[in-house]
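S.K.: Have a look at this one.
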Amino acid sequence: MSDEATTMDPTPALTIRDLVKSFTGPSGQRTDVLRIPFFQLEAGQQRAIRGESGLGKTTLMHIIAGILEPDSGFVAVGGTEVTGLSEARRDRLRAERIGYVFQTFNLLQGLSALENVMLGLAFGKGADAGSAMAALERVGLADRAQHLPRQLSTGQQQRVAVARALANRPCLILADEPTGNLDAARGRKIIQLLRDSATALGSALLVASHDPEVLSAFDQVIDLAELNQVEPREEEV
Amino acid sequence: MLFLLIRRGLRQHLVSTAVAVLLVALGMGLVISVWVVRSEAEQSFTRSASGFDAVLGARGSKLQLVLNGLFHQEASPGNITAEDFQQVKALPMVDRAIPIVVGDNFRGVRLVGVSDDFFQNLEYAPDHVYTVEPGGRPFQVGQKEAVVGSLAAHQLGWAIGTTFHPFHGLDYNPEAQHSEIFTVVGVLAPTNTPADRVIWVPLEGVQRLGGHDPAAFTDLSAVLIRFKPGAMAAGLMLDTRYNRQGKRLTLAWPVASILGDLFAKFAWFEQALRALAYLVAVVAGASVFSSVYSSMSARKRDLAILRALGAHRGFLIAAVLGESAGIGLLGCALGFGLYAAIASTVQEILRTQIGVLFEPWAWNPVMVWGPVLMLGLSLLAGAIPAWRAYRLSVADGLSPLS
């Protein structure tokens, strides 16, 4: 069987049920940001979420990744309930089963491209230069392995970030405005790279963006405004 | 990966890291130097008592007698008679009694008149006796011959066969040259004691030099005494006889206690140095704190990224404390280098000026607690930044919420 070959897992890559998240504002008022009754992403599925700034895209991504805790509700990644886990186990889940691509790349400036990709493995399977190099080869940057981020173009930096997210062969790839800091041509390439890589690894892909060009690359686009049942007013708590 | 991140973190803030490392090194070097130099110098002086238990001399300061008789420093408080020497030598508890006479020099290097007993199986340390290097021989009594200490021979460039005119007095005065000519017949094998830095001549070589008072030809400057086993009882007995009952002579005993009094005179200076060392250690700790804190603040986003990639909070603590420990360890290593430089200077000064052997790497507890203290301070300095890293909100550290 090929290394890149995949088999469809009947377990959904992502399940969200009755998710509620609110924040306390400066005046002490609690404001609902997310109220999502149900959302599911099957294994290997690729979806985009459309949403303007301030609608809670990043908050949703952070909750799925276990970085933020919801007020209530159920979130499961690859069949594992994120919301029921301790912080340490959420860290572990994130390290082993989730690949996260950020708008601002979020590469460590003191580390080379290869070392940044190794970070994607370090907290899960363990830092492994061979696997990291394979991930860099997948995004076409093997010859830039020893370059520092500042020695790479913005497009190359985002490809390193993609390689880092893919390095641990996650079951779910989250990409939050992955083309936000790129020009249109580079943005298209990154989205194609993400889609191709997710397909090759059998990973589910969830991309959050407000960029029509990004959204047009996906067959299925979910409008966060429709998915999110938040009342359009602030509530006193 | 943890070590890679620590290494890169230190390198990313090279200037503040370097300043913190240097301050830790300074603190470490000072702490070890102050403690080791103090204790080792006292031990070196005690070791350099040349195997004698006491010094008998004219009525006066015990410290002056010890410094004059054993360390060849300062002037003799006065003379004693040959009868005094014979009496003490005849005492049953006295193993060896070596008379010495001082009062002349050669260009500042002291001439010490001594009996030929000096070269007869006299131990300056256990299993080490004064000997003349091969090719030479001890001086002959009654002859104007000299055996020169190894350090003095090196300083003066002397060898067997060298002749010289001594100068009168303990300090060099070109106008006060004696007419007598002495010949070097041997070089004393190195002893790492003050004996190495003087010129040894027969007693009468000094006593009967031209210009010296003929009435005092048989007078002595001091008698160096070694007791038979059970020195405490012998010392107490002679202490009573000479110091309490007599009024003409002084017995400087026990030598170690008298040297301890000498070091006690410098206690205030030692206390000041200790306070300075502690102050520098605290400043070093503050510098580590400043370096790690600013590094941690500047890399808040990096730490958030690590958390987003799955690093648990403990990893962040380890990364921040690792930087503190890294600075501490580098500082300690450099501190030992600084101490080596200070100790080497002290060693050379003590060897050439006093003739005592200072052993900077002899075991001293500060060699352990010094680095532990500096490492502990470094880790303590990293505790607050580490706590901040532990409390870091990943979401806040990453890009703003959309």
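S.K.: Could you tell me how many degrees, from 0 to 90 and to the nearest 10, lie between the Cα long axis of helix B:366-391 and the main elongation axis, the longest principal axis, of the Cα atoms of chain B?
M.R.: 10 degrees
S.K.: Peptide A:90-99: average number of partner chain Cβ atoms within 10 Å per residue?
M.R.: If you average over the peptide's residues, the count of other-chain Cβ atoms is 3.
S.K.: Send over the semi-axes of the protein assembly as shown's equivalent ellipsoid, whole angstrom and largest first, taken as the square roots of 5 times the C-alpha gyration tensor eigenvalues.
M.R.: Square roots of five times the eigenvalues give 88, 24, 18 Å.
S.K.: Rounded to the nearest 500, what is the 222 nm mean residue ellipticity of chain A from helices alone, with -39500 (n - 2.57) per DSSP H run of 4+ residues and division by all residues?
M.R.: -9500 deg cm²/dmol
S.K.: Show that you can apply the helix-only estimate: for chain B, add -39,500 (n - 2.57) for every DSSP H stretch of four or more residues, divide by all residues, and state [θ] at 222 nm to the nearest 500.
M.R.: Mean residue ellipticity at 222 nm (helix-derived): -17000 deg cm²/dmol.
S.K.: Chains B and A: what accessible area do they bury, summed, in square angstrom to the nearest 100, with a 1.4 Å probe?
M.R.: Summing both sides, the interface buries roughly 2300 Å².
S.K.: How well do other chains shield peptide A:106-114, expressed as the mean number of their Cβ atoms within 10 Å of each residue Cβ?
M.R.: What the average comes to for A:106-114 is 5.
S.K.: If you fit an axis through the alpha-carbon atoms of helix A:184-201 and take the longest principal axis of the Cα set of chain A, what angle between them do you get, 0 to 90°, nearest 10?
M.R.: The angle comes out at about 90 degrees.
S.K.: What number comes out for the charge environment of B:Phe85, summing +1 per Lys or Arg and -1 per Asp or Glu over other residues with Cβ under 13 Å away?
M.R.: Spelling it out: positives minus negatives among the neighbours equals -2.
S.K.: Accessible area per residue for the range B:95-164 in Å², computed with a 1.4 Å probe and the full protein assembly in place, what is it?
M.R.: 44 Å²
S.K.: Please go through the residue pairs A:Lys21/A:Lys189; B:Lys89/B:Lys247; B:Lys144/B:Lys228 and name each one whose alpha carbons sit more than 27 Å apart in this structure.
M.R.: Violating the 27 Å Cα-Cα cut-off are A:Lys21/A:Lys189; B:Lys144/B:Lys228.
S.K.: Continuing with this model, one more query. Need the full-extension length gain, B:Trp361 to B:Ala125, defined as separation in residues times 0.36 nm minus the C-alpha distance. One decimal, nm.
M.R.: Between B:Trp361 and B:Ala125, full extension yields 83.0 nm more.
S.K.: Tally Lys/Arg at +1 and Asp/Glu at -1 over every other residue whose Cβ is under 10 Å from the Cβ of B:Val94; what's the total?
M.R.: Value of the local net charge: +2.
S.K.: A further question follows. A:Ile191: net charge of surrounding residues, Cβ under 11 Å, Lys/Arg +1, Asp/Glu -1, itself excluded?
M.R.: Overall, the nearby charge balance is +1.
S.K.: Please report, as a whole percent, how much of the solvent-accessible surface of the protein assembly as shown comes from carbon and sulfur atoms (probe radius 1.4 Å).
M.R.: Here it works out to 56 percent.
S.K.: Here is a follow-up. Which order, highest average first, do B:169-175, B:223-229 follow once you tally other Cβ atoms within 10 Å for each residue and take the mean per peptide?
M.R.: Descending packing order for the listed peptides: B:223-229, B:169-175.
S.K.: Along its principal axes, what span do the Cα atoms of the range B:353-402 show, with the longest given first and each in whole Å?
M.R.: That gives 78, 20, 11 Å along the principal axes, largest extent first.
S.K.: Pull up all non-local amide H partners of A:Val230: gap of 5 or more, or a different chain, and H-to-H distance under 5 Å with H placed in the peptide plane.
M.R.: A:Arg35
S.K.: Please work out the C-alpha center-to-center distance from the range A:44-108 to the range B:326-402 and express it in whole Å.
M.R.: The distance from the Cα centre of the range A:44-108 to that of the range B:326-402 comes to 43 Å.
S.K.: For chain A, take the longest principal axis of its alpha carbons; what is the angle in degrees between that and the long axis of helix A:129-138, to the nearest 10 within 0 to 90?
M.R.: That works out to roughly 80 degrees.
S.K.: Over all residues in A:167-178, what is the mean tally of Cβ atoms on other chains that come within 10 Å of each residue's Cβ?
M.R.: Average neighbour count from other chains, rounded to a whole number: 1.
S.K.: Could you give the length gained by full extension between B:Trp369 and B:Asn243, i.e. 0.36 nm per residue of separation minus their alpha carbon distance, to one decimal place?
M.R.: 41.1 nm
The values are calculated or read from the model by the stated rules, or taken from the named source; none is laboratory data. Model, not experiment: these values are computed from the prediction. Quick reminder, even Gly has a Cβ in these numbers, built from the backbone with ideal geometry, and neighbours come from all protein chains shown. Side chains included, ligands, DNA and RNA excluded: accessible areas come from the protein's heavy atoms. Shrake-Rupley method; radii C 1.70, N 1.55, O 1.52, S 1.80 Å.
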